[in-house]
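A.B. asks: Sharing a structure with you now.
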Amino acid sequence: MRLVLDTHTHTIASGHAFSTIIENAREAFRKGLQLICITDHGPEMPGGPHIYYFGNLKVIPEKIEGVEILKGVEANIMDEEGRIDLPERILKKLDIVIASLHDECFEPSEDVERNTKALINAIKNPYVDIIGHPGNPIYPIDIERVLEAAKEYGKFIEINNSSFVTSRRGSEKICPIIAGKAKEMGVRVAVGSDAHICFDVGRFDEAIRLLEDINMPEELVLNTSVDKVKQYLQEKRKRIGGGQNSWN
Ligand SMILES: [Zn+2]
Ligand SMILES: [Zn+2]
């Protein structure tokens, strides 16, 4: 399976990542990617960018070093109601919104009901596009219910390559279950490198292995063509009633 775009990358603005947008774009070009999403952590992440950073993403060109750039965020899910750490007036301006659970913002617990509700409520937020790294074992969830909600609301479940490599130990056991169920239920997935340094942009080795292992149909994988992303952004625009993203 060939993936031509990366939906999840961080820059120095995240506070604990090490490359600039230009360095990320260059690496993406070198690896043959056509598009990357810049998805720095939301403002509630310690060391994360101020809200003004997201308001000013408009100054970034639509293409850098031959690679299309989508402007987004990896927002923090803050509570069981699925609230995220950017207001609507900013979310409106972003192309891609990933919503994730992080222990700095959402206390890890074995409470499956609470974790499941948090993800489902985030899925219901019309601005949220992707649920980030849902296979994190510190947040056990009812996988089927989360996937059902993703399907109902037309959202993506992330297959996060770094969950197999550097982060969230134990995810490698849960992610194949999530991916298998997504295939069975016809839920779309988005593959993100979650790069925190340019060299990892477009690193999909483990995610591709997993998708190939389970014979995931290409039509369920967002990353196989830029057209799919553009189609999805149209879908999103309808959902949020206009919106001011780069594609307007
Ligand atoms: Zn994350
Ligand atoms: Zn991330």
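A.B. asks: Return the inverse of the average 1/r over all pairs of distinct C-alpha atoms in segment 82-213, which is the Kirkwood hydrodynamic radius, in Å to one decimal.
C.D. replies: One over the average 1/r among Cα pairs gives 15.0 Å for segment 82-213.
A.B. asks: Note down the accessible area of His41, probe 1.4 Å, to the nearest 10 Å².
C.D. replies: My reading of the accessible area for His41 is about 10 Å².
A.B. asks: Given the Cα-Cα distance of Arg89 and Arg169 and 0.36 nm per residue of separation, how much length would full extension add, in nm? Intermediate values should be presented prior to the final figure.
C.D. replies: Numbers: separation 80, 0.36 × 80 = 28.80 nm, distance 3.54 nm.
25.3 nm is the gain from fully extending Arg89 to Arg169.
A.B. asks: Sorted by mean Cβ packing within 10 Å, highest first, what order do the peptides 96-107, 45-56, 76-87 take? Walk me through the numbers on the way to the answer.
C.D. replies: On the way: 96-107: 21.3, 45-56: 15.3, 76-87: 18.6.
Going by the mean number of other Cβ atoms within 10 Å, highest first, we get 96-107, 76-87, 45-56.
A.B. asks: From the C-alpha gyration tensor of segment 5-240, pull out the three semi-axes of the equivalent ellipsoid (sqrt of 5λ each), sorted largest to smallest, in whole Å. If you can, show how the numbers build up before the last one.
C.D. replies: Numbers: eigenvalues 111, 83, 61 Å².
Semi-axes, largest first: 24, 20, 18 Å.
A.B. asks: Let me ask you something else. Given an 8 Å cut-off on Cα distances and at least 6 residues of separation, report the relative contact order of the chain as a percent.
C.D. replies: Details: 531 pairs, mean separation 53.6, N = 248.
After rounding, I find 22 percent.
A.B. asks: Let's see if you can work this out: charge +1 on each Lys and Arg Cβ, -1 on each Asp and Glu Cβ, no other charges. What is the dipole magnitude of the chain about its Cα centre, in debye to the nearest 20?
C.D. replies: Dipole of the chain, to the nearest 20 debye: 880 debye.
A.B. asks: In nm, give the distance between the simple-model label positions of Arg145 and Asp79, each being 7 Å from the Cα along the Cα-to-Cβ direction.
C.D. replies: 1.9 nm
A.B. asks: Need the C-alpha centroid separation for segment 223-240 versus segment 11-58, integer Å.
C.D. replies: That distance is 21 Å.
A.B. asks: Next up: Sequence gap at least 6, Cα distance under 8 Å: using those rules, report the relative contact order of segment 67-140 to the nearest whole percent.
C.D. replies: On the way: 124 pairs, mean separation 27.3, N = 74.
The normalised contact order for segment 67-140 reaches 37 percent.
A.B. asks: Sort Asp194, Asp213 from largest to smallest accessible area, using a 1.4 Å probe on the heavy atoms of the protein chains. Numbers along the way, then the final one.
C.D. replies: Numbers: Asp194 10, Asp213 120 Å².
Largest to smallest exposure gives the sequence Asp213, Asp194.
A.B. asks: Let me ask another. Run through the DSSP bridge list for the chain and note the antiparallel percent, rounded to the nearest 5. Walk me through the numbers on the way to the answer.
C.D. replies: On the way: 3 of 28 bridges.
Around 10 percent antiparallel, to the nearest 5.
A.B. asks: Would you mind checking which residues have amide H under 5 Å from Glu158's amide H? H placed 1.01 Å from N; only 5 or more apart, or other chain.
C.D. replies: The answer is Ile131, His133, Ala190.
A.B. asks: Provide the gained length on full extension for the span Ile12 to Arg239, in nm with one decimal, where the gain is 0.36 nm per separating residue minus the Cα-Cα distance.
C.D. replies: Working: separation 227, 0.36 × 227 = 81.72 nm, distance 3.16 nm.
That pair, Ile12 and Arg239, stretches by 78.6 nm at full extension.
A.B. asks: Solvent-accessible area of Phe29, probe 1.4 Å, all protein chains present, reported in Å² to the nearest ten, please.
C.D. replies: Taking all protein chains as shown, Phe29 has close to 120 Å².
A.B. asks: Give the relative contact order (percent, whole number) for segment 132-193; include only Cα pairs under 8 Å separated by 6+ residues. Kindly include the intermediate steps, with their values, before the conclusion.
C.D. replies: Details: 77 pairs, mean separation 28.7, N = 62.
Reported as a whole number, the value is 46 percent.
A.B. asks: Right, here's the next one. Using the Kirkwood formula over every pair of different C-alpha atoms, what hydrodynamic radius in Å results for segment 1-107?
C.D. replies: Working: mean 1/r = 0.0707 Å⁻¹.
Computed over Cα pairs of segment 1-107, the Kirkwood hydrodynamic radius comes out at 14.1 Å.
A.B. asks: I've got another one for you. Rounded to whole Hz and in sequence order, give me ³J(HN,Hα) for segment 6-17 from the Karplus expression 6.51 cos²θ - 1.76 cosθ + 1.60, θ = phi - 60°, writing x for Gly and Pro.
C.D. replies: Working through the residues one at a time gives 10, 8, 8, 9, 10, 10, 4, 4, 5, x, 9, 10 Hz.
The values are calculated or read from the model by the stated rules, or taken from the named source; none is laboratory data. These numbers were taken from a predicted model, which means no experiment stands behind them. Because the Cβ atoms are built from the backbone with ideal geometry, glycine has one as well, and the counts that use them run over all protein chains shown. We work out accessible area using only protein heavy atoms, side chains counted, and drop any ligands, DNA or RNA first. Shrake-Rupley method; radii C 1.70, N 1.55, O 1.52, S 1.80 Å.
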